[in-house]
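Data block below; observations after.
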Amino acid sequence: MAVDIHSAEGRVIRQLIPLSTLPFNKFEALCAQIKIENADEGQFLFKCGDERNELVYLVQGSVTLQTDVLKIETIKSDSPSARFALAHQIPRKVNAVASSRIRFLRVDAELMKSAQDVPYQESESFMVADDLDANDDWMTTLLKSPVFRALPPANLQKILMGMQEVNIEAGNVIVSQGEIGDYYYIIKKGQCLVSRKPAPNAKEIKLAQLADQDTFGEDSLISGEPRNVSITAMTDVSLLRLGKEQFLTLIKQPTLKYISYQEAQDLVAKGADLIDVREPDQYKAKHLPLSMNMPFFSLRMQLKSLNRQHPIVVVCQNGKMSETTAFILMRHKFNALILTGGIDAISPDQFKPPSSFPIDDGIETSNFREIGSDIVTSQTLSEAAVIPDETERLRRFLQQLKTKYNILEAEKKALEMKYLALAKFTESLKAELDAIKKAGGGG
C-alpha cells in the first residue's frame with residue numbers, strides 16, 4: 001500500500017532527507033510509488049557489497065550497522081541520524097540488521113533524483129515543508145538554504161556531524177574585517193550588522209542587516225582572501241558554523257559547476273546570460289561578446305535585475321571571483337555556471353573589441369550615441385527590431401544599459417557614504433587638533 005502522507009508515519013517520512021526539501025506535489029507523487037515494509041529482529045535490510053541503487057530509511061525501531069566481525073553503530077528511529085538513508089554508499093560497505101521489529105521504506109535512487117531535478121518556479125515552494133516538526137533543531141534551519149538542498153545526502157550527514165551551534169551576545173563582533181576566514185556561518189536566530197571601513201582610520205560604514213536564515217563568511221573561504229567586512233551581533237544571536245576545510249570539501253566542491261568556453265558560447269547562443277564580474281576598467285579593456293558587466297561589489301544590489309529562468313554564466317579574470325559569485329547566485333536560486341579559468345584562459349581573438357556594438361556594416365553610422373564602452377545608433381535600433389538575429393542582441397544590449405545604470409547608482413551611493421565618513425573623520429581630527437591647541441595654550 002502506498003504511503004498515507006496524512007498519517008503519523010507520513011509526517012515522519014516528510015522529515016526524511018532529502019524528501020523534506022521536495023515541493024509538496026512532488027513529495028505526494030513520490031509517496032504514491034513507495035510503501036512501508038516490516039522486518040523482524042535479526043533480518044537483513046541489505047548486506048555488504050549490495051549494489052542495488054536504492055535509499056533505505058528507518059521509520060520505526062532500530063537498526064544496527066555492522067561488518068562480519070564488528071558492530072559499528074545502532075541507529076534509532078527517533079535519532080537525527082535516522083533522517084538520512086542508512087549507509088547509502090553503493091556498493092554497500094556494511095550490513096544493516098534489524099535490532100528490533102522495525103518499519104522501513106526503500107526508495108529507488110533514480111526516482112528520488114528525478115523528483116529533485118525540478119526547475120525553480122517562483123510560485124512553487126522548495127523550502128522545508130510547513131508540516132515538519134517545529135522542534136527548533138538546526139537541521140531544519142539548514143535545509144531552508146537552496147545550496148544545502150542540492151547537496152548529496154552523504155555530504156549533509158557529514159555536515160550534520162561537523163556543524164556547531166554557537167551563541168553570541170548582542171554587541172559582540174563575530175567576524176572582523178581583514179582577518180583570515182575560518183568558518184562559514186548560518187544565522188539560526190537573531191540579527192547581525194554588516195559594516196566596513198574604507199580605510200584603517202576611517203569611520204565604519206553600515207552596509208546591511210542580516211537575519212534568520214542568512215549566511216556569511218563564504219566569500220573569504222572561497223576566494224582565500226581576508227574578510228572584507230565585519231559582522232556584529234545586533235541582538236543575541238544563535239549561529240551554526242562549519243569549519244573552512246569542511247565547507248570547501250562538503251559544500252563548495254559539489255555545489256559549484258564549471259564549463260568550458262565552447263560550452264559557454266553554446267549556452268549563450270541558447271539564451272543564457274553572460275555576466276562579467278570584473279571592475280569596469282578591466283571590462284572596458286576587453287570582454288567577451290554579449291557579456292554584461294556586473295562588478296562583484298554591486299552584485300547583491302543587482303540580483304533583482306537577473307532572470308532566474310535563464311542560466312547564468314559567470315566570468316572574471318582567473319575564475320576565483322566567479323566561484324564566489326556563483327555561490328551567491330545559487331544561494332538565491334539562480335542556475336549559475338563558472339567559465340573555467342576566466343578571461344586568462346581564453347585566446348585573444350575571442351574578445352570583443354573595446355568601444356563597439358555588433359551592427360551591420362551597411363547601416364549608416366553618422367549619428368552614434370556612446371554609452372560606457374558600447375555604441376548604438378537610432379537606425380541600428382530600428383533595424384534590429386525587425387531582424388530576428390539582431391533582436392536578441394538588442395535585448396542583451398538594453399540589459400547592459402540597465403545594468404550600467406544600476407551600477408552607476410550603486411557607485412554614487414558608495415561615494416556618498418565615503419564622503420560622509422570622510423567628513424566625520426575630518427571633524428574628529430579638527431576636534432582633536434583644537435583640544436591639543438587648547439591644552440598647549442593652557443601650559
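Quick rundown of the values:
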{"read-out": "Inter-label distance for GLU179 and ALA202, nm, one decimal - labels placed 7 Å from Cα along Cα-to-Cβ", "value": "2.2"}
{"read-out": "Spin-label proximity, ALA109 to the stretch 56-92 - amide N less than 18 Å from point 7 Å beyond Cα toward beta carbon", "value": "56-58, 84-92"}
{"read-out": "Per-pair calculated FRET efficiency, R0 = 51 Å: ALA439 and LYS158 via Cβ, rounded to 0.05", "value": "0.25"}
{"read-out": "Inter-site label distance for ALA431 and SER81 at 7 Å from Cα along Cβ, in nm", "value": "5.9"}
{"read-out": "Whole-Hz couplings from phi, Karplus 6.51/-1.76/1.60, listed for the stretch 59-71; x for Gly and Pro", "value": "9, 8, x, 9, 10, 9, 9, 8, 9, 5, 10, 9, 7"}
{"read-out": "Charge context of ARG241, other residues only, Cβ under 12 angstrom, K/R +1, D/E -1", "value": "-1"}
{"read-out": "Sites ALA423 and ASN307 - FRET efficiency at Förster radius 41 Å, r taken between beta-carbons, to 0.05", "value": "0.55"}
{"read-out": "Taking the stretch 207-347 and dividing mean pair separation by its residue count, relative contact order in percent (alpha carbons under 8 Å, at least six apart)", "value": "26"}
{"read-out": "Long-range HN-HN contacts of VAL94 with modeled amide H, under 5 Å", "value": "GLY49"}
{"read-out": "Lysines whose Cα lies under 16 Å from that of LYS257, excluding same-chain neighbours fewer than 8 positions away", "value": "LYS320, LYS333"}
{"read-out": "Reach of LYS412 by Cα under 22 Å, taken over lysines that are not fewer than 8 positions away in the same chain", "value": "LYS197, LYS203, LYS206, LYS284, LYS304, LYS402, LYS404, LYS424"}
{"read-out": "Cα Rg, Dmax (largest Cα-Cα span) when computed across the stretch 161-253, Å", "value": "13.0, 42"}
{"read-out": "Placed amide H near ALA272: partners under 5 Å, 5+ positions off or other chain", "value": "none"}
{"read-out": "Whole-Hz ³J(HN,Hα) from phi, Karplus 6.51 cos²θ - 1.76 cosθ + 1.60, for the stretch 79-85, glycine and proline x", "value": "9, x, 4, 6, 6, 9, 5"}
{"read-out": "Cβ-based exposure ranking for HIS287, HIS6, HIS332, HIS88, in which fewest neighbours within 10 Å come first", "value": "HIS6, HIS332, HIS88, HIS287"}
{"read-out": "Karplus-derived 3J(HN,Hα), 6.51/-1.76/1.60, for each residue of the stretch 296-311, Hz, glycine and proline x", "value": "4, 4, 9, 4, 4, 7, 9, 4, 5, 8, 8, 9, 5, 7, 9, x"}
{"read-out": "FRET efficiency estimate (nearest 0.05) - Cβ-Cβ, HIS332 to GLU165, R0 25 angstrom", "value": "0.50"}
{"read-out": "Residues TYR183, TYR419, TYR261 arranged by fewest to most Cβ contacts within 10 Å", "value": "TYR419, TYR261, TYR183"}
{"read-out": "Potential lengthening between GLN209 and TYR405 on full extension [0.36 nm per residue; Cα-Cα distance subtracted]", "value": "68.1 nm"}
{"read-out": "Dimensionless Rg ratio for the stretch 178-313, taking C-alpha atoms and the 2.2 N^0.38 Å reference", "value": "1.23"}
{"read-out": "Interchain or long-range residues, amide H under 5 Å from VAL175's placed H", "value": "ILE231"}
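Computed from the coordinates by the stated procedures, all read-outs in this text should not be read as laboratory data. Bear in mind the structure is a predicted one, so any value in this text is a computation, not a measurement. For neighbour counting, all protein chains shown are included, and Cβ atoms are generated from backbone atoms with ideal geometry for every residue, glycine included.
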